[in-house]
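So the structure is just underneath, and the comments pick up after that.
The values are calculated or read from the model by the stated rules, or taken from the named source; none is laboratory data. Because the structure is predicted, anything quoted here is derived from the model rather than measured. Here the Cβ positions follow ideal geometry from the backbone for every residue, glycine too, while neighbour counts run over all protein chains shown. Note: areas computed on protein heavy atoms with side chains; ligands, DNA, RNA excluded. Shrake-Rupley method; radii C 1.70, N 1.55, O 1.52, S 1.80 Å.
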Amino acid sequence: MNTILESGRLILREFAPQDATALARVLSDPETMKYYPAPLDQSGTEQWINRNLRRYAHDGVGLWAMVLKASSELIGDCGVIRQYVDSEYFYEIGYHLRRDHWGQGLATEAAVACREWAFANLKVNRLISLIRPENIPSRHVAERNGMTIWKEVDWRGLRHCVYAIERPE
Ligand SMILES: CC(C)(COP(=O)(O)OP(=O)(O)OC[C@H]1O[C@@H](n2cnc3c(N)ncnc32)[C@H](O)[C@@H]1OP(=O)(O)O)[C@@H](O)C(=O)NCCC(=O)NCCS
C-alpha cells in the first residue's frame with residue numbers, strides 16, 4: 001500500500017479495490033452523506049475507489065484512505081482533489097469520517113496534515129475546501145485547518161462556500 005503521510009493518530013495511504021467494504025461502512029451512512037445526493041452502496045463505493053485510482057494516475061493526488069494507527073482500521077478518507085471551480089483549477093482538501101469516530105479531532109488532524117503535505121509537495125499558492133453552507137461540522141474542520149470563506153459558488157448545481165488558505169510566506 002502506498003503511504004502518503006502520517007500524523008499523530010493516522011496514516012493516509014492510497015486506496016486499493018479491497019478497501020470497498022470498509023469504505024462502504026463510511027459512505028453508506030445516510031447521516032454522513034446528508035449533504036450529498038445519496039448514500040453509496042457497495043457498488044457505488046467501488047466506483048468511488050476507482051475514481052480515486054484514476055485521480056492518482058492522472059493528477060498524482062486524490063482522496064486517500066484514512067487509517068487509525070491504533071487499530072489499523074480504515075475509518076474514512078481525506079485527501080487532495082483537483083477540482084474545476086468558477087473557470088479555474090484548484091486543489092481541494094476533502095474528508096469523510098465514519099460516524100462512530102466523530103468528535104475526536106481526527107478529521108481536523110487529517111485535513112491539517114493534507115494542507116501541510118500539499119503546500120510541501122504541490123506548486124500551488126492556494127488550497128480550498130468546497131462545503132455546503134448547511135454543513136456546519138465540515139465548515140468547522142475547514143476553519144480549524146486555517147481556512148476562511150473566500151466566496152460562494154454554484155457548483156454541480158448546489159450552493160457551496162469556497163473556503164481557502166494561501167501558502168504561508
Ligand atoms: C465533516 C466531518 C468529517 C467532521 O467530523 P468531526 O468529528 O466533527 O470533526 P473532527 O474529527 O475534526 O472532530 C472535531 C470535534 O472533536 C473534538 N475533539 C475531541 N478531541 C479532539 C482533539 N484531540 N483534537 C481536536 N478536536 C478534538 C473537537 O472539539 C470537535 O468537537 P465539536 O465539533 O463539538 O467542537 C464529519 O462530520 C463527516 O464525516 N461528515 C460527513 C462528510 C462530509 O460532509 N464531509 C465534508 C464534505 S465538504
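Tally the residues that are within 13 Å of the ligand (Cβ to nearest atom) and open to solvent by less than 20 Å² (accessible area, probe 1.4 Å), restricting the search to the stretch 54-84.
9
Let me confirm something: among Tyr84, Tyr35, Tyr56, which residue is among the aromatic types (Phe, Trp, Tyr) and within 21 Å of His140 (Cβ to Cβ)?
Only one candidate qualifies: Tyr35.
Give the number of residues within the stretch 91-130 that are in a strand (DSSP E or B) and free of Cβ contacts under 8 Å to residues at least 60 places away in the same chain.
10
A quick yes/no check of all residues on (1) under 27 Å from Asp154 (Cβ atoms); (2) among the small types (Gly, Ala, Ser); (3) part of a strand (DSSP E or B):
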| residue | (1), (2), (3) |
| --- | --- |
| Leu5 | no, no, yes |
| Ile11 | no, no, yes |
| Asp19 | no, no, no |
| Pro30 | yes, no, no |
| Lys34 | yes, no, no |
| Arg51 | yes, no, no |
| Arg54 | yes, no, no |
| Ala57 | no, yes, no |
| Arg82 | yes, no, yes |
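Filter the stretch 111-148 down to residues that are more than 13 Å from the ligand (Cβ to nearest atom) and of a type in the set (Val, Ile, Thr) and give me whichever is most open to solvent (accessible area, probe 1.4 Å).
Thr148
Mind listing just one residue for me: the one in the stretch 19-44 that is more than 12 Å from the ligand (Cβ to nearest atom) and exposed (fewer than 11 other Cβ atoms within 10 Å of the Cβ) and, of those, nearest to Glu73 (Cα to Cα)?
Going through the qualifying residues, I end up with Ser43.
Of Gly157, Gly103, Gly94, which residue is within 10 Å of the ligand (Cβ to nearest atom), open to solvent by 40 Å² or more (accessible area, probe 1.4 Å), out of contact with any Asp or Glu (no Cβ under 7 Å at 6 or more places or on another chain) and of a type in the set (Gly, Ala, Ser)?
Matching residue, one of Gly157, Gly103, Gly94: Gly103.
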